[in-house]
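Novice: Take a look at the following structure, please.
The values are calculated or read from the model by the stated rules, or taken from the named source; none is laboratory data. In this text, all values refer to a predicted model and were calculated from it rather than measured experimentally. Positions of Cβ are generated from backbone atoms using ideal geometry, with glycine treated the same way; all protein chains shown enter the neighbour counts. With ligands, DNA and RNA removed, areas are computed over all heavy atoms of the protein, side chains included. Shrake-Rupley method; radii C 1.70, N 1.55, O 1.52, S 1.80 Å.
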Amino acid sequence: MKRRDFMTTTAIILGGMIAGPAFADSMADAKAVVAKYASRVSKWDGPTTGPKAQAAKKIVVVAADMKNGGILGVTTGIQEAAAAIGWTVTVLDSGGSIGGRTAAFGQAMTLQPDGIIINGFDAVEQKPAMEAAKKAKIPMVSWHAAPAVGPVPDVGVFANVTTDAMEVSKAAADYAYVDAGGKPGVIIFTDSTYAIAIAKADKMKEEILKLGGTVLEYVDTPIAETSQRMPQLTTTLLQKYGAKWTHSLAINDIYFDFMGPSLQSAGIPGDGAPKSVAAGDGSESAYQRIRAKQYQSVTVAEPLNLQGWQLVDELNRALAGEKWSGYVSPLHVVTSENVEFDGGPKNSFDPDNGYRDAYKAIWGK
């Protein structure tokens, strides 16, 4: 056999997994991604210049569902930053339903705010209300209202704040690949209500398949109904796939809030397979599970409190008639090995990079 034929033959094994040099390269690349995002975040790489604080503004936060740890964390950051810049904040909890968000947006408009922050729902869903806000010249910024970072001019969003959602998804998939020794069998959980959720889930699927792993199932189930759906769904999937199911990949930690009891009832230990890996957002409950090694191995966390400060800064830029900052906030692969730094003792990814002082300096506070 010629050397090329030999190399081609040895690069293929059962199940579609890549072996030989190609496998080694894929494993090395995936490990490098995980290591990069699991390291400490100690240097401020965000804006250092911008407009001074616009005085005494009244803003409204329209929150998709305050039971969601990501949305709650961002809201806390907004309130903290607003106090620092000298603004008043009203938070409207939509309760996790489309009707609730429509009603909350209507209430926001009646309050005649100086600015609106959309927190945790797809901007296109509320396009009529957003058109009304745009017509009234009320500046809007958002968290997770679109798949990409930055302006969303079609619906009047000055800046959408998020980490690089595709990098979050890639990091989650790469962790599962490495942790499974190159042979992951994953089930992906997403919610088609949100464009960003589908984009993240599709990226995880693409990455797993590219690496040679197996996607057992792609499950579309609403975030707002996880408490009712996930216990029985977990049991059903265990019966269907058994040991083939090595890792769960979800677009949000909230899916894993309700899986533990079903896994425990099946006799699976807290650190056993299927292992849970979340591509966002780094909720308090996720940190607690990771620290205790109880039915979650990883969350690819967003700096929720920092993003709350960024939302206030972007809104200040909009009110001052300036451009958005261009800042993309960092992500963090949280494991049991690194859970105690970068805000971990407070059960959140809160980078020790001086972002509060940096924003205060910009605002002249």
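Novice: Using a 1.4 Å probe on the protein heavy atoms only, what accessible surface does E340 show? Give it in Å² to the nearest 10.
Specialist: The value for E340 is about 100 Å².
Novice: Which percent of Cα pairs goes in each bin when the distances of the chain are cut into 20 angstrom slices starting at zero?
Specialist: 30, 53, 16, 1
Novice: Which residue fluctuates most in the GNM of the chain (Cα springs below 10 Å): F105, F121, F23?
Specialist: F23
Novice: In whole Å, largest first, what are the principal axis extents of the Cα atoms in the stretch 250-298?
Specialist: That works out to 28, 18, 14 Å along the principal axes.
Novice: Holding the Cα-Cα limit at 31 Å, pick out from K58/K323; K244/K346; K43/K200 the pairs that are longer than that.
Specialist: Beyond 31 Å: K244/K346.
Novice: Now for a separate question. Sorted by accessible area (1.4 Å probe), largest first, how do V178, V141 line up?
Specialist: Ranked from most to least accessible, the order is V178, V141.
Novice: Something else now. What accessible area, in Å² to the nearest ten, does a 1.4 Å probe give for L319?
Specialist: We get 50 Å² for L319.
Novice: May I pose another question? Taking Cα centroids, how far is the stretch 156-229 from the stretch 54-68 in Å?
Specialist: 28 Å
Novice: Hey, another quick one. Please turn the phi angles of the stretch 287-300 into ³J(HN,Hα) values with the Karplus equation 6.51 cos²θ - 1.76 cosθ + 1.60 (θ = phi - 60°), one per residue in order, whole Hz, x for glycine and proline.
Specialist: Going residue by residue, I get 4, 5, 5, 5, 4, 7, 6, 10, 6, 7, 9, 8, 10, 8 Hz, with x marking Gly and Pro.
Novice: Helix-only mean residue ellipticity at 222 nm, the chain, DSSP H runs n ≥ 4 weighted -39,500 (n - 2.57), per residue, nearest 500. What is it?
Specialist: Here the helix-only value at 222 nm equals -13500 deg cm²/dmol.
Novice: Shifting gears a bit: Once you compute Rg and the Kirkwood Rh from C-alpha atoms, what is the Rg to Rh ratio for the stretch 162-209?
Specialist: Over the Cα atoms of the stretch 162-209, Rg/Rh equals 0.98.
Novice: Using the per-residue mean of other Cβ atoms lying within 10 Å as a proxy for protection, in what order, highest first, do the peptides 190-196, 229-235 fall?
Specialist: Top of the packing list down: 190-196, 229-235.
Novice: Where does each of V339, V215 land when they are ordered by accessible area, with a 1.4 Å probe and the largest first?
Specialist: Result, largest first: V215, V339.
Novice: Using alpha-carbon pairs under 8 Å, 6+ residues apart, how would you state the relative contact order of the chain in percent?
Specialist: Over the chain, the number comes to 21 percent.
Novice: I've got another one for you. Taking the Cα centre of the stretch 165-301 as origin, sum charge times position over the Cβ atoms of Lys and Arg (+1) and Asp and Glu (-1), and report the length of that vector in debye to the nearest 20.
Specialist: With Lys and Arg at +1 and Asp and Glu at -1, about 400 debye.
Novice: Distance between Cα centroids, the stretch 251-299 to the stretch 310-333: provide it in whole Å.
Specialist: Distance between centres, Cα-based: 32 Å.
Novice: On to the next question. Pull out a ≥ b ≥ c, the square roots of the eigenvalues of the alpha-carbon gyration tensor of the stretch 165-301, then state rounded if a/c is under 1.5, prolate if not and a/b is larger than b/c, and oblate in the remaining case.
Specialist: It comes out rounded by the Cα gyration axes.
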